[in-house]
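Engineer: Dropping a structure here in structure tokens format, bear with me for questions.
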Amino acid sequence: MAEASQSNLRQFSDGIVANNPVLVQLLGMCPTLAVTNSVENALVMGAAVIFVLTMSNLITSTLRNLLKPHVRILIFTLTIATFVTIADLVLKAYVFEVSKKLGPFVPLIIVNCIIIARAEVVASRSGLGRSLADAFGCGIGFTIALCILGAIRELLGAGGITILRDLGWHWHIDPKTFEPHAWVIMIMPPGAFLTLGAVIGVVNHLRSRGAAKGGA
Amino acid sequence: MDFGALVGIFIGAVLINNFVLAQFLGICPFLGVSRKVDMAFGMGCAVTFVMTVSGVVTWLIVHGILAPVGEWLLGDKEALFFLKYVAFIMVIASMVQLVEMYLKKFFRSLYTAFGVFLPLITTNCAILGACLLIDMNEVYQQSLLSSAVFAFGGGLGFALAITIMAGIREHVRFSDVPKPLQGAGITLLTAGILALAFMGFAGIGK
Amino acid sequence: MQKFIEESWLILVMGAVFAVLLAGVQTSLAPTITVNQAKALSEAIREVVSGTDRSEEVKIEGYDRKVYRCLGPDGNLVGFAIDAQGIGFADKIHLVVGVTVDAGKITGLKVIENVETPGLGNKIADAEWAGQYRDLDPGREIVVQKRPPKPGENEVQAITGATISSKAVTKIANEALRKVRPELVKLR
């Protein structure tokens with residue numbers, strides 16, 4: 001049906017731009033601040049979240065007619081905790097170094113507000129197609145937001161970007177030329193807050209300009 | 001474990017490795033509940049309580065249930081550890097339920113004041129974060145007392161950060177913040193400066 | 001009881017299914033993960049004691065961390081590696097220090113884990129800086145100086161701007177050597 005798939009596509013793209021979980025909905029701030037000290041960390045975290053969000057929405061949507069009001073949240077939590085454990089094991093097996101750098105933040109995906117929110121708002125009320133579109137949209141939106149922040153912080157803070165050393169390939173932007181001038185503070189906690197604050201400021205500015213133009 | 005070491009752990013958790021400003025735990029309530037000092041302080045107290053109890057209970061679950069049962073069933077005390085995360089979050093969710101029920105019965109006014117924020121303590125990454133940090137640390141794994149001190153210090157550190165932030169925000173309300181930065185933007189920038197300040201505590205251990 | 005089952009059958013069934021699923025994933029991935037965890041340490045041992053082919057643990061009286069006998073390709077002893085840990089500037093520092101068979105010289109030092117300040121303190125993980133420990137005397141205290149080390153004085157130079165991290169590494173190494181070396185000499 002043309003209309004249904006139109007809105008699925010919309011659901012997907014909303015998750016990336018108009019309703020970006022990090023930059024618009026302001027959810028999932030903890031990992032956003034913690035793992036954006038490098039693009040590599042951001043990418044791996046993003047992949048893990050896409051996986052958990054997809055599985056969570058998939059299962060929640062499939063079972064949506066069986067959900068009892070009282071145990072609903074517990075069921076969401078149980079599902080999410082299971083898939084986060086799986087993601088954590090997979091990361092430890094295949095990208096061990098990065099998983100160590102991510103520290104407690106992989107298991108902390110369990111309490112990432114984004115996933116529970118999407119389960120509650122979308123997956124528990126919509127069909128499979130819609131729920132999956134939403135999961136991919138929000139997951140990819142999350143990953144993009146994290147990578148933007150990660151790129152800013154790593155470039156300014158470490159002087160270059162290095163990706164996926166673990167899997168045997170490298171991609172970097174000239175660390176040596178920038179390094180002496182790097183602002184180390186960017187890869188430390190204050191840098192995280194400042195970058196996120198600034199980026200949200202920029203996003204809000206762009207959104208209000210967009211709204212003004214649309215209105216006029 | 002001698003007293004000096006415990007004090008070190010405590011100060012470490014509150015100041016040097018502050019849960020909010022250095023370890024990025026509990027950011028959502030930090031941004032959401034830091035508007036007024038009394039609410040912030042109340043939230044800080046609730047979180048400290050839940051965090052300390054959860055830290056102790058999850059430690060006991062790992063050492064008192066998962067390890068012995070793993071040993072008994074499968075001969076390896078670490079065999080059942082893959083169930084840790086599920087166990088932790090279920091414990092925390094139930095604990096918050098209990099706190100909620102207790103408050104509703106005995107401290108009605110406090111209960112209504114908190115409103116929706118009370119159940120939100122479950123998804124507060126600081127609580128689960130504290131349990132995970134205890135679990136990941138060799139020293140705390142060997143001593144329940146040091147884990148409890150760490151969890152308690154972590155909660156107090158959160159309370160400290162959120163109360164300071166509330167104090168600042170009450171003032172910022174009357175300043176001329178540029179529109180795009182209002183709300184989350186300015187709070188994050190302020191947090192950044194606070195984090196910078198707290199960085200000065202590093203090295204106190206020496 | 002009826003109501004309880006009605007409300008919670010789903011969560012109990014899901015719990016059981018998920019437990020099985022998790023057990024399956026865990027069983028299949030556990031071997032890979034164990035290998036990964038051991039790799040960092042065994043690579044570090046190879047770096048600090050050259051010529052090591054494999055290593056075996058040896059229990060040392062009075063030291064609660066691991067010590068390894070390093071064996072060459074033909075099974076003979078080529079040195080010892082000592083695992084040590086302590087507090088740095090930010091948090092814990094985990095390192096391995098290697099000594100010769102007679103525990104008379106340090107063959108190398110490598111920091112395996114640290115969370116020191118990026119760009120400053122975490123230079124302790126650089127092979128270049130840690131190379132200073134090679135050939136020092138494990139029987140004497142190693143001293144950190146802010147100027148280039150004088151030969152024969154058992155010194156290392158601190159990283160500029162990261163004195164505390166540098167001193168922490170040295171202190172951890174000194175402590176470990178102090179506790180382990182006498183026992184190693186006995187083992188000869």
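Engineer: Can you name every residue in the stretch A:10-34 that is within 10 Å of the chain's Cα centre (by Cα) and part of a loop (DSSP other than H, G, I, E, B)?
Structural biologist: A:N20, A:P21, A:V22, A:L27, A:G28
Engineer: I'm checking my understanding of the structure. Among residues of the stretch C:119-143 that are over 18 Å from the mean Cα position of the chain (by Cα) and surrounded by fewer than 19 Cβ atoms within 10 Å (Cβ to Cβ), which one is modelled with the lowest pLDDT?
Structural biologist: Filtering the stretch C:119-143 for residues that are over 18 Å from the mean Cα position of the chain (by Cα) and surrounded by fewer than 19 Cβ atoms within 10 Å (Cβ to Cβ), the one modelled with the lowest pLDDT comes out as C:L120.
Engineer: Provide a single number: the residues in the stretch B:156-181 that are facing another protein chain (nearest Cβ under 8 Å) and not in a helix (DSSP H, G or I). Break it down into steps so the answer makes sense when it comes.
Structural biologist: Kept after step one, since they are facing another protein chain (nearest Cβ under 8 Å), are these residues of the stretch B:156-181: B:178-181.
Now drop any that are not not in a helix (DSSP H, G or I), which leaves B:178.
So the answer is 1.
Engineer: One residue is enough: does the stretch A:130-153 have a residue meeting the conditions modelled with pLDDT under 85, buried (at least 19 other Cβ atoms within 10 Å of the Cβ) and within 14 Å of chain C (Cβ to nearest Cβ)? Before the answer, list the steps.
Structural biologist: From the stretch A:130-153, those modelled with pLDDT under 85 are none; that's our starting set.
No, the stretch A:130-153 contains no residue that is modelled with pLDDT under 85, buried (at least 19 other Cβ atoms within 10 Å of the Cβ) and within 14 Å of chain C (Cβ to nearest Cβ).
Engineer: Given the residues C:V25, C:V58, C:V20, which is the only one that is among the β-branched types (V, I, T), touching a residue at least 24 places away in the same chain (Cβ under 8 Å) and on the phi < 0 side of the Ramachandran plot?
Structural biologist: Answer to the selection: C:V58.
Engineer: A follow-up question, please. Can you pull out every residue in the stretch C:26-65 that is of a type in the set (K, R) and in a loop (DSSP other than H, G, I, E, B)?
Structural biologist: Within the stretch C:26-65, C:K59, C:R65 qualify.
Engineer: Within the group A:F193, A:F178, which residue is among the aromatic types (F, W, Y), at pLDDT below 75 and touching a helix residue (DSSP H, G or I) at 6+ places or on another chain (Cβ under 8 Å)? Give the derivation first.
Structural biologist: Values: A:F193 fails: at pLDDT below 75.
A:F178 is the lone residue from the list that is among the aromatic types (F, W, Y), at pLDDT below 75 and touching a helix residue (DSSP H, G or I) at 6+ places or on another chain (Cβ under 8 Å).
Engineer: Shifting gears a bit: Just the residues that are touching a residue at least 60 places away in the same chain (Cβ under 8 Å) and more than 15 Å from the chain's Cα centre (by Cα), please, taken from the stretch B:35-58.
Structural biologist: Scanning the stretch B:35-58 gives B:R35, B:K36, B:V37, B:M39.
Engineer: Name the one entry in B:M43, B:M51 that is closer than 20 Å to B:N137 by Cα, out of contact with any Ser or Thr (no Cβ under 6 Å at 6 or more places or on another chain) and crowded, with 22+ Cβ neighbours inside 10 Å.
Structural biologist: Answer to the selection: B:M51.
Engineer: Name every residue in the stretch A:59-85 that is within 9 Å of chain C (Cβ to nearest Cβ), assigned to a helix (DSSP H, G or I) and without any contact (Cβ under 8 Å) to a residue 12 or more places away in the chain, in order of residue number.
Structural biologist: A:L66, A:L74, A:L78, A:T82
Engineer: Can you give me the number of residues within the stretch A:106-120 that are within 18 Å of A:T85 (Cβ to Cβ) and within 8 Å of another protein chain (Cβ to nearest Cβ)?
Structural biologist: Result for the stretch A:106-120: 6.
Engineer: Continuing with this model, one more query. Kindly state which helices (runs of 4 or more DSSP H) lie completely within the stretch B:1-101 and contain at least 1 residues that are closer than 30 Å to B:I193 by Cβ.
Structural biologist: Values: elements: B:3-11, B:27-32, B:37-60, B:67-74.
Hits in the stretch B:1-101: B:3-11, B:27-32, B:37-60.
The values are calculated or read from the model by the stated rules, or taken from the named source; none is laboratory data. Only a predicted model underlies this, so the values are computations on that prediction, with no experimental measurement involved. Virtual Cβ from ideal backbone geometry, glycine too; neighbours counted across all protein chains shown.
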